[in-house]
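Please read the structure below before turning to the comments.
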Amino acid sequence: MSDKILVIGGGFSGLTAACEAAEMGYEVAIVEREDYLGGRVAQLNKYFPKLCPPTCGLEINFKRIRTNPRITFYTRSEVESVSGGPGAYNVKIKVNPKYTTPQCMNCKPGEAAATTEVPNEFNFGMDTRKGIYLPHPMAFPNQCVMDPAVAQSDEGKAIEAAMPAGHIDLGQQPETIDLNVGAIIIATGWDPYDATKMDNLGFGKYENIITNMMMERMASPSGPTGGKILRPSDKEAPKSIGFVQCAGSRDENHLPYCSFICCMATLKQITYIREQYPDTDVYVFYIDIRAAGRKYENFYAKVKADEKVKFIKGKVAEVREGSSPGSVILVAEDTIGGGKVEQEVDLAVLATGMQPTGAKVKIPGIQYDEDGFVVQQEGIIPCGCAKRPADVVSSAQSATAAALKAVQTIVRRAG
């Protein structure tokens, strides 16, 4: 029997669950696949309900982790298998090498020596990064990392020579750790639905079609454009923007469920646009606007009152090339006004759906439903977007509930 708790996933839900469980007196281990903790929230410009930057909530949890000796975390790591049962799970974890040491917090000399440049996945490929890099400006842990292919090449040796002594360790190897835990919290989060799967919406075909998460990175001061919302084709300010709601969601050919966050994300992003471009025309094509609760409904009403924002009830069926350079035409049926609508815009934003990580990568020993969400069992408790589509507030609430359920599992088994 074990009274240790494992949290799989180090995003907002995982961090919250880990901190809550540790502050109740339990040993907690966090396993995170990325090189940093913070998950999708770290990629946002702002988040509800206060529209504050991600540093607000994440820094609080990072401090809780730094000051709590009961919490251990493993980044660039993955759970390979889960066996056993409630109170006594055996978990095998693979910890992949970073090829750097914890003191490596500034990799500028190594970047100068590096020759490899690859698309920056943190910014959804809108810019590039070198083979040695800090994942993002507020990364926690604040440690540079190196791509495995670079570390095993002559380029890795050149980077090592350029960096201060003791910062690079090219001899690091993967490690396997076996943990015995009493309960497991699954907080593996979500991935944006692959927009290239929707052929009719033109993502990847037309340069000035982006996703809602690309918009978040573009609007962020630490993003690829320094916070400016610009057309990818010519880096010009768009005079008109169209939002395509339910891009992949509520569609039996893609995601059959509502992704919950997309409507409010679009309304939030309209405020980004309005702050930068008061005269830009905005068009929102939607099936239904879902604003849960009075605060969100009031937020919707405020955005809707803007005379430069037009809501069109109709699902976009087609996107084609526009008449002016770089523009695109959104084609939909207006179910209220009637008739076919063809709206030309300088920039189109696809409100792509939220797909649980479990739809692509499943952990052996964990049960999933047909959409990839984790099925709760005694001792294995999903929270946040591993359980269902959710915003940050709902994710934090479900994380606290998951921590309590994990503790209950251990107490019951111990009794």
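The values are calculated or read from the model by the stated rules, or taken from the named source; none is laboratory data. Because the structure is a prediction, the values reported are computed rather than measured. Cβ placement follows ideal geometry from the backbone for every residue including glycine, while neighbour counts extend to all protein chains displayed. The accessibility values were calculated without ligands, DNA or RNA, using every heavy atom of the protein model including side chains. Shrake-Rupley method; radii C 1.70, N 1.55, O 1.52, S 1.80 Å.
Table for the structure above
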quantity: Within region 256-300, considering residues that are open to solvent by 20 Å² or more (accessible area, probe 1.4 Å) and of a type in the set (Ser, Thr, Tyr), the one farthest from residue 314 (Cα to Cα); calculated: 277
quantity: Selection within region 97-117 - open to solvent by 40 Å² or more (accessible area, probe 1.4 Å) and under 22 Å from the mean Cα position of the chain (by Cα); calculated: none
quantity: Test: residue in region 269-291 that is assigned to a helix (DSSP H, G or I) and of a type in the set (Phe, Trp, Tyr); calculated: yes
quantity: Top-ranked residue in region 301-320 [being in a strand (DSSP E or B) and either under 23 Å from the mean Cα position of the chain (by Cα) or without any contact (Cβ under 8 Å) to a residue 60 or more places away in the chain (or both); ranked as surrounded by the most Cβ atoms within 10 Å (Cβ to Cβ)]; calculated: 312
quantity: Residues that are in contact with a strand residue (DSSP E or B) (Cβ under 9 Å, 6 or more places away or on another chain) and either polar (S, T, N, Q) or part of a helix (DSSP H, G or I) (or both), drawn from region 133-151; calculated: 143, 150, 151
quantity: Test for residue 185: is it touching a helix residue (DSSP H, G or I) at 6+ places or on another chain (Cβ under 6 Å), farther than 23 Å from residue 114 by Cβ and either part of a strand (DSSP E or B) or open to solvent by less than 20 Å² (accessible area, probe 1.4 Å) (or both); calculated: yes
quantity: Filtered residue count, region 18-35, keeping only those that are in a loop (DSSP other than H, G, I, E, B) and open to solvent by less than 20 Å² (accessible area, probe 1.4 Å); calculated: 2
quantity: Filter pass, residue 403 being open to solvent by less than 20 Å² (accessible area, probe 1.4 Å), touching a residue at least 24 places away in the same chain (Cβ under 8 Å) and not basic (Lys, Arg); calculated: yes
quantity: Tabulated pairs, region 153-170, first aromatic (Phe, Trp, Tyr), second at pLDDT 95 or above and exposed (fewer than 14 other Cβ atoms within 10 Å of the Cβ), C-beta under 9 angstrom, 6+ apart or interchain; calculated: none
quantity: Tally, over region 43-77, of residues that are surrounded by 20 or more Cβ atoms within 10 Å (Cβ to Cβ), assigned to a loop (DSSP other than H, G, I, E, B) and either over 17 Å from the mean Cα position of the chain (by Cα) or free of Cβ contacts under 8 Å to residues at least 12 places away in the same chain (or both); calculated: 0
quantity: Residue 225 being touching a Phe, Trp or Tyr at 6+ places or on another chain (Cβ under 8 Å) and hydroxyl-bearing (Ser, Thr, Tyr); calculated: no
quantity: Residue 367 vs. criteria open to solvent by 10 Å² or more (accessible area, probe 1.4 Å), more than 20 Å from residue 18 (Cα to Cα) and modelled with pLDDT of 95 or more; calculated: yes
quantity: Flag if residue 329 is open to solvent by less than 40 Å² (accessible area, probe 1.4 Å) and not in a strand (DSSP E or B); calculated: no
quantity: Count of residues meeting criterion [farther than 27 Å from residue 363 by Cβ, open to solvent by 40 Å² or more (accessible area, probe 1.4 Å), of a type outside the set (A, V, I, L, M) and in contact (Cβ under 8 Å) with a residue 12 or more places away in the chain] in region 118-133; calculated: 2
quantity: Count of region 199-237 residues which are of a type in the set (A, V, I, L, M, F, W, C), open to solvent by less than 10 Å² (accessible area, probe 1.4 Å) and in a loop (DSSP other than H, G, I, E, B); calculated: 1
